[in-house]
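Structure first, commentary second.
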Amino acid sequence: MPIHQHNSLRESAASVVRLILLGLAINMTACRPGNAQTTAPPKRLGILMGGSACPGPAGPTFWKPMLQNLAGRGWIEGRTLIIDCISASGRLEQAPMLARELVMRRPDVLLGGATLIVRAMKQATTEIPIVTVASDALRSGIVNNLAHPEANVTGLAPMTFDLTAKRIDVVKELLPKLSKLAIVYFVRTAPDPVDDEQMRKDVAKSAEALGISWSAFYPTSENVEQIFAQIAADRFDAAYIWTTAVSFPNREQIAKAALAHGVPTISDLAEYARQGLLLTYGQDLGSFFGDAAEYIDKLLRGAKPADLPLQQPTKFDLVVNLKTAKGLGIAVPPSLLIRADEVIE
């Protein structure tokens, strides 16, 4: 055999060996655990909001901690995670229809806020895990046990009702002569009957303990100005703004109307004071949604909702808006300012 033909055969054999080794290397790389996620289809998070806008560049800032925490766990929006969000825009009577629509899109995990929203999600599916950040999942009857939630619902329990007494105490400390309190529960049509009953029980108990009278008002977003004019005309000393899918997106308008009619206000979420309410005592919504990311992450990775106890907050922020206090002619006592976690000048 000629020498050049022998060398050609040897080079061909070497090329075949190189191709086989290259194929083995590619297969081994593809099988590594760290590379499996890059080829897997993205997971889907379905969100149904009661009144607030969905996540996005122009959306509320309280979404940012949740998105950051999810990204830190490997869930990058648009790459490993698709977020499918619908807002009811305060029309909670549409919650059942919107929940069914969202479930039909087959998300891997659902996230819901208001009590009616989470209840509608629970009715729409028994299979897809639901993360709740509703007002009080236990007392609203969404779950029967915080430590061992039933069926497909888990998440956060913000103790909205349990802190009613504390908030009224704070108002009493600010206004020692408080004797008449307005409870303002903004709705579009009617309040959630379960939440409304729990609210009335807590307010009645707290008001009786402090020797004050109270009345509940159920305005809509269309008569914010009128309701505070009425509260002022009826000589209520202060107004407790209950968080609903209607009140939260209208909190700036509510704060301006209350100030214009000289009505001191308190609510639960810090975002209200930042928009002009006098006082808030409760959670910061950003950190609250940030905590929800832990549940979303675990459920996306296959955890079962029944194995994840609902988490109650351990930190509550007192926020005082001194600018509003000055506008109302109220001197905030030093004892309150010292305890405040945030003071808005």
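The values are calculated or read from the model by the stated rules, or taken from the named source; none is laboratory data. As the structure is a computational prediction, the values presented were derived from the model and not from experiment. Note: ideal-geometry Cβ built from the backbone for every residue, glycine included; neighbour counts use all protein chains shown. The accessibility values were calculated without ligands, DNA or RNA, using every heavy atom of the protein model including side chains. Shrake-Rupley method; radii C 1.70, N 1.55, O 1.52, S 1.80 Å.
Which of the residues belonging to the stretch 250-267 are closer than 21 Å to THR164 by Cβ, in a helix (DSSP H, G or I) and under 24 Å from the mean Cα position of the chain (by Cα)?
The answer is ARG251, ILE254, ALA255.
Take the conditions charged (D, E, K, R), in contact with a strand residue (DSSP E or B) (Cβ under 8 Å, 6 or more places away or on another chain), at pLDDT 95 or above and open to solvent by 10 Å² or more (accessible area, probe 1.4 Å) and apply them to ASP297. Does it pass?
no
Going through THR160, THR126, THR164 one at a time, which residue ends up being at pLDDT 90 or above and under 25 Å from LEU269 (Cα atoms)? Give the steps one after another, and end with the answer.
Values: THR160 fails: at pLDDT 90 or above; THR126 fails: under 25 Å from LEU269 (Cα atoms).
Matching residue, one of THR160, THR126, THR164: THR164.
Among the residues of the stretch 153-167, which ones are over 15 Å from THR243 (Cα atoms) and either of a type in the set (Phe, Trp, Tyr) or more than 18 Å from the chain's Cα centre (by Cα) (or both)?
First pass over the stretch 153-167, keeping only residues over 15 Å from THR243 (Cα atoms): 153-156, 165-166.
Hits for the stretch 153-167 are ALA165, LYS166.
Which members of the stretch 142-157 meet the condition of being out of contact with any Asp or Glu (no Cβ under 7 Å at 6 or more places or on another chain) and surrounded by 16 or more Cβ atoms within 10 Å (Cβ to Cβ)?
Matches in the stretch 142-157: ILE142, PRO149, ALA151, VAL153, THR154, GLY155.
Just to verify a result, which residue in the stretch 314-333, among those that are in a helix (DSSP H, G or I) and over 23 Å from ASP284 (Cα atoms), is least open to solvent (accessible area, probe 1.4 Å)?
Only one residue fits best here, namely LEU328.
Quick check, is LEU181 of a type in the set (A, V, I, L, M), open to solvent by less than 10 Å² (accessible area, probe 1.4 Å), modelled with pLDDT of 90 or more and in contact with a Leu (Cβ under 7 Å, 6 or more places away or on another chain)?
So LEU181 fails the test.
Only helices (runs of 4 or more DSSP H) wholly contained in the stretch 1-114 count here; list those with 2 or more residues that are exposed (fewer than 11 other Cβ atoms within 10 Å of the Cβ) and either out of contact with any Pro (no Cβ under 8 Å at 6 or more places or on another chain) or at pLDDT below 75 (or both).
Values: elements: 3-31, 33-39, 64-72, 95-104.
So the answer is 3-31, 33-39.
Which of the residues that make up the stretch 300-313 are aliphatic (A, V, I, L, M) and either buried (at least 19 other Cβ atoms within 10 Å of the Cβ) or under 11 Å from VAL131 (Cα atoms) (or both)? Even if it seems obvious, please write down each step before you answer.
At the first step, the residues of the stretch 300-313 found to be aliphatic (A, V, I, L, M) are 300, 303, 306, 308, 310.
The answer is LEU300, LEU308, LEU310.
Report whether or not ALA216 is modelled with pLDDT of 95 or more, farther than 21 Å from ALA270 by Cβ, in a helix (DSSP H, G or I) and not hydroxyl-bearing (Ser, Thr, Tyr).
no
Are any residues in the stretch 230-249 at pLDDT below 95 and surrounded by fewer than 23 Cβ atoms within 10 Å (Cβ to Cβ), and if so, which ones?
Correct list: PRO249 only.
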